[in-house]
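A short worksheet on the structure shown next.
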Amino acid sequence: MSESEKLEQLQNRKAELREESRSLEEEQRNLEQRVKVLEEKIAIEELRNRNKTKREAVDQLKSKIDELERRLEKTTEKPENFEATTETVLEPANGLEPEAIAPEISESMPEDEPEKEIVTVKAFEDQSLAEPEGIEESFRKQHEKKKRRLF
């Protein structure tokens with residue numbers, strides 16, 4: 001092989017390598033762009049998942065509030081058989097002593113009928129009303145996370 005043929009082969013080889021280099025650079029740019037697209041898609045999915053869990057937590061809190069409001073309405077309703085009693089306080093008048101008024105009271109009140117008094121007592125059935133620790137703890141954790149993000 002002559003020198004001119006060797007030179008031509010080397011130049012052809014150099015051109016092929018340059019073309020391959022351009023092709024590889026273009027492929028690299030395309031792949032980098034694809035990586036960015038996939039990273040954005042992943043970030044979007046993570047945000048969707050976070051929003052979904054937050055939405056579920058908000059829905060749970062709303063349903064809990066509705067339930068508690070219904071229970072509050074039930075407890076604040078007056079029972080049907082509740083009888084209101086009134087108490088009259090007599091004060092000494094015209095210089096009479098309380099002992100002098102007492103016989104008048106006992107004479108005016110019938111003794112054969114006992115007083116009717118209805119008392120309703122309800123205990124907490126659900127400990128979450130008495131001690132809402134879980135809710136306070138979740139809010140505290142969220143607050144701590146916000147603090148960490150700021151610093």
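Ranking Val58, Leu17, Leu31 by how far each Cα lies toward the positive end of the dipole of region 10-66 (charges on Cβ) leaves Val58 at the top.
Placing +1 on each Lys and Arg Cβ and -1 on each Asp and Glu Cβ, with no other charges, gives region 1-51 a dipole about its Cα centre of roughly 300 debye.
A short reminder: the numbers here are calculations on the coordinates, not readings from a lab. No experiment lies behind these values; they were computed from the predicted model shown. Here the Cβ is made from the backbone with ideal geometry for all residues, glycine too, and neighbour counts use every protein chain on show.
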